[in-house]
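Any read-out appearing in this document is the output of simple, stated calculations on the displayed coordinates, not a laboratory observation. From a predicted model like this one, the values you see are computed outputs, not experimental measurements. Glycine also receives a Cβ, built like all others from the backbone with ideal geometry; neighbour counts cover every protein chain displayed.
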Amino acid sequence: MVEWLASAALLMSLVGFSYLKFTDPRTRRVARLPAFTGSRRAGLAWGLALLPGPVLLMTGQGAAFVIWLGGAPMLGWCIAALPPVAYRSK
Amino acid sequence: MIRVSKSATGRLIDIHGWTAVLFGLALYVVVLTGALAVFSHEIGAWSVGGHGIDDALAGPLDHRLSELTREVPEKYHEELTVSQNAAGYLVAFFHTHEAQAGGGLPEDVGVRFVIDPANMQVVSREEGFADDLPDVSSSFLHDFLVDLHVRLYTPDPVGLYLTGLLGLILLVSAVSGFILHRHLIMDMFLSPRQKLRELRARDRHTLAGTWSLLFAVIVAFTGAFFSFATTLGLPVIAMTAFEGDQQKAIEVVIGVPEEEDPTPASFIGLEPVIRHVQTSEAAGSLPVFVLVEHMGRADARITTFHDPSDGALFTGSHVYSGVDGSYRGEKPALGKSPSLGSDLVSLMGVLHFGLFAGFMSKVIWLALGLATCYLTYSGLNLWCIRREKSTGWRLMSRLNDATAYGTAFALTVASAGFLLSYGRVPEKVVAWTLNGFVSGVIVSLVLALLLPSGWRTQQMFQRVLGLSLIALPVLRLAMSPGPFAVHGLDLTLLISGLLSLIAARRSGADRLRATERVIRQEVRHG
């Protein structure tokens, strides 16, 4: 149960971080990629990435929360460290 | 973004950099061994080829323990601890508390039995002060790894002071790094730029620091707390609030012991208590550690200690009467009744050890530990790259490589020493393991001194580490009877070794491409 909850929470954060990385203006500028077209909903993406924390805390899922607290930054780092060339074709 | 003046920034860079230069290498060793210690139990089981009995405390204990109780001097009946070590053996320690000949605080002294749970035969019997007893050979690899992390394998309290200090150093580095990095949010997703070596090194360090900042602060604070709590915190509390009486301070913090009643009374035994504590009425799980106080007296008490049960964060302990086995309820970590302080201390354990949710939390805590290692290594690497015109800093750079790869290599050689000795000369396990570690350190230092600084040193270390990691499961299979992939460790070692060799190959290829790029640029510019 704890593992499933934590995995779902981490997946949500992964989606949020991936969107933020893909649309990050500074990353795209440094990599000389065309600017992201369309409205960048950074607040929404941050919300999606960080929402599992308070939800798990408020529902009393302490163990799942601490797993998420440790795992989310690791996932964020992995996403952030990806070279921009990985999505250059888009 | 935190705005600081130019002079303050300069001072912060000095603090951030020089703490890394002075303490970074030792910090790396403590953090790496801490990250690996998350799996110390699995490593211990792997080192002896695995063991089939994980629940020895649920087995028939009482008959053998009552025989051993009759054998040991009566003064040692004051306390008995029973647990299962990483190699699967039961360790029973009958003891009392006495000061050493030179004075000082009372210490545990008694008789320690190591028992094979398969047939309940005594494997070894040792008598003396707990700190002076020889190491248990079957779990030595586990104990060595933990000891290296907790006290850098130096005697107490010096080792605990050292690791506590390193925890505070990590805290200072994390906070100063946080203030120094002005564009924390803006650069959060910036991939390391590849063109310039210094820029790439800076981006890598910054990215690692940004994402592992929270864990670095948590692990630094909790680590320093655990190192200083008993060595410094308790004496200070005793001096300030209990007129120097440490025993009184301990009693108030842990809980004042019940009134003593030395009237002889028969002991209920551990089996009925362990059966009950596994029911939903009590802990609902098998204890990992059992403490018996005042065995054979009317005030006998049994306390069982448990890992967190499914979904819970905190470890638990449950108290029973040692005379009739009646359940007295759960005991908080501190004091006699639940309190915020007790919960906070328990939370520190949860956040530092990462053992609260089985395999998943262990994997994440291992990754977080390795991330902190990378943070330390990349920071010192960046500092040295910026000063690489100086011979001294080039040497520092090589020492950084030697520590980063060499510590892991030395641990593999220590493991090889354990594997080679455990099955054939178990009485020499300690010497072989320690000599293996020291040999690994010496080889690493020699390599660092002989090789030129830069990518060739890293490549050589990656090759050496990769080969040693691949050799370990082969050696383990040859020396111990367990099947392949005990706790998945054989496979993990093989994969890690291959990854290290691939990294060595790639770093060579990357360097070749970079050289070609420079040559092309030079040709273009005439």
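Numbers below:
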{"quantity": "Selection from B:Thr33, B:Ala8, B:His63 lying farthest towards where the dipole of region B:1-74 points positive, charges on Cβ", "calculated": "B:Ala8"}
{"quantity": "Debye intensity ratio I(q)/I(0), log10, chain B, q values 0.07 Å⁻¹ (C-alpha model)", "calculated": "-0.47"}
{"quantity": "Kirkwood hydrodynamic radius of region B:22-88, from inverse mean 1/r over distinct Cα pairs, in Å", "calculated": "15.3"}
{"quantity": "Relative contact order of region A:2-87, pairs being alpha-carbon contacts under 8 Å that are 6 or more residues apart, as %", "calculated": "44"}
{"quantity": "Qualifying lysines (Cα of each under 24 Å from Cα of B:Lys75; at least 8 residues distant if same chain)", "calculated": "B:Lys248"}
{"quantity": "Whether region B:5-155 is rounded, prolate or oblate, judged on the alpha carbon gyration tensor where a/c under 1.5 counts as rounded", "calculated": "oblate"}
{"quantity": "Cα centroid separation, region B:388-419 to region B:195-269 (Å)", "calculated": "29"}
{"quantity": "FRET E, pair B:Gln247, B:Leu347, Förster distance 22 Å, beta-carbon r, rounded to 0.05", "calculated": "0.25"}
{"quantity": "Selected from B:Gly369, B:Gly17, B:Thr304, residue furthest toward positive end of dipole (chain B; charges at beta carbon)", "calculated": "B:Gly17"}
{"quantity": "Nearest-0.05 FRET efficiency for A:Val15 and B:Lys336, computed from C-beta distance (R0 45 Å)", "calculated": "0.45"}
{"quantity": "Residue-averaged 222 nm ellipticity for chain B, from DSSP H runs of 4+ at -39500 (n - 2.57), nearest 500", "calculated": "-19500 deg cm²/dmol"}
{"quantity": "Integer Hz, Karplus 6.51/-1.76/1.60 couplings in order for region A:73-80, x for Gly and Pro", "calculated": "x, 5, 5, x, 5, 4, 5, 5"}
{"quantity": "Anisotropy class of region B:185-327 from Cα gyration tensor, a/c 1.5 cut", "calculated": "oblate"}
{"quantity": "Partner lysines for B:Lys389 [C-alpha distance under 24 Å; skip if fewer than 8 residues away on the same chain]", "calculated": "B:Lys195"}
{"quantity": "Rough spin-label spacing in nm, given labels placed 7 Å along Cα→Cβ, for B:Leu498 and A:Thr37", "calculated": "4.3"}
{"quantity": "Lys, Arg +1 and Asp, Glu -1 on Cβ, resulting dipole of region A:2-87 about Cα centre, debye, nearest 20", "calculated": "520"}
{"quantity": "Cα convex hull of region A:2-87 - mean projected area over all directions, nm²", "calculated": "5.7"}
{"quantity": "Placed amide H near B:Lys331: partners under 5 Å, 5+ positions off or other chain", "calculated": "B:Ser317, B:His318, B:Val319"}
{"quantity": "Cα centroid of region A:6-43 to Cα centroid of region B:137-189, whole Å", "calculated": "33"}
{"quantity": "Projected area, mean over directions - the protein assembly as shown, Cα convex hull, nm²", "calculated": "32.5"}
{"quantity": "Prolate/oblate/rounded call for region B:326-482, Cα gyration tensor, a/c under 1.5 rounded", "calculated": "oblate"}
{"quantity": "Residue-span extension gain [B:Arg424 to B:Arg182] - 0.36 nm each, minus C-alpha spacing", "calculated": "81.3 nm"}
{"quantity": "Rounded tilt (10° steps) of B:140-151 against the dominant C-alpha axis of chain B", "calculated": "70"}
{"quantity": "Cross-link reach list, aspartates and glutamates versus A:Lys21, counting only Cα pairs under 17 Å and skipping chain neighbours closer than eight places", "calculated": "B:Asp187, B:Asp203"}
{"quantity": "Karplus (6.51, -1.76, 1.60) ³J(HN,Hα), θ = phi - 60°, over region B:340-350, in Hz, Gly and Pro reported as x", "calculated": "5, x, 4, 5, 5, 5, 4, 5, 5, x, 4"}
{"quantity": "Residues with amide H under 5 Å from that of B:Val48, placed H, sequence gap 5 or more", "calculated": "none"}
{"quantity": "Residue-wise HN-Hα coupling along region B:110-126, computed from phi with Karplus coefficients 6.51, -1.76, 1.60 (Hz; x: Gly, Pro)", "calculated": "x, 10, 10, 10, 10, 10, 7, x, 5, 10, 6, 7, 6, 8, 8, 9, 10"}
{"quantity": "Estimated dipole of the protein assembly as shown in Debye, rounded to 20 [Cβ of Lys and Arg +1, of Asp and Glu -1, Cα centre]", "calculated": "5880"}
